[in-house]
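Every number here is computed from the coordinates shown, using simple stated rules; none is lab data. Only a predicted model underlies this, so the values are computations on that prediction, with no experimental measurement involved. Note: ideal-geometry Cβ built from the backbone for every residue, glycine included; neighbour counts use all protein chains shown.
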Amino acid sequence: MNIGVKTPWWFWLVAIVSLLWNAGGIISYLSTELGYLENLEMPAEQREYFYAFPAWAVAFWALGVWGAFFGSLALLLKSRFAVALYAISIIGLVGTTYYQHIASELPASMDTSGQMMFAAAIWIITFGLLFFSIAMRNRGILR
């Protein structure tokens, strides 16, 4: 641990924005698991699709969203555990993506270029946060 390392302002910006971004995943997950999708304006086929996730896919989804959320919280706390938490979130992302794009059939209303771009953004951001946390650990900012 390098005590003399000054934390740059942009570190805090990334940590706060990542926490807000990953809170969106938590809201999506909890809305589904607590049965609140009926309150959202979405086609019935989409609600049925999410409610039909098998337990193993729900477990991967939980790893993904909670790992990323707590990874961002760990960043804010400047904890080296951010690296492990983001790695866990990637395991969840892999499992969830496998289910959504290989093991099940997406409803037509979800199989759009916009949805694919959003999925790509999730992958890019998740890996970006992992690499960011590794770089910050290597610079001595995370302890």
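Below, the figures for the structure above:
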quantity	calculated
Size of charge dipole - region 1-132 - debye, nearest 20, with Cβ of Lys, Arg +1 and Asp, Glu -1, no other charges	840 debye
Among Phe118, Phe81, Phe11, residue whose mean-square fluctuation peaks in a GNM of the chain (springs only between Cα atoms under 10 Å)	Phe118
Cα centroid separation - region 91-137 against region 63-81, whole Å	17 Å
√(5λ) per eigenvalue of the Cα gyration tensor, region 1-85, largest first, Å	34, 14, 7
Gaussian network model of the chain, Cα within-10 Å springs - most flexible of Gly95, Gly25, Gly35	Gly35
Charge dipole of the chain about the Cα centre (unit charges at C-beta), most positive-ward option of His101, Pro54, Ala74	Ala74
Förster-model FRET efficiency, 41 Å R0, Leu40 and Trp10, C-beta, rounded to 0.05	0.75
For the chain, built as a Gaussian network whose Cα springs stay under 10 Å, the top-fluctuating residue of Thr126, Thr112, Thr32	Thr112
Theoretical gain in end-to-end length, Thr112 to Ala84 [0.36 nm per residue, Cα-Cα removed]	6.8 nm
C-alpha long axis of helix 55-76 to longest principal axis of the chain, angle in °	30 degrees
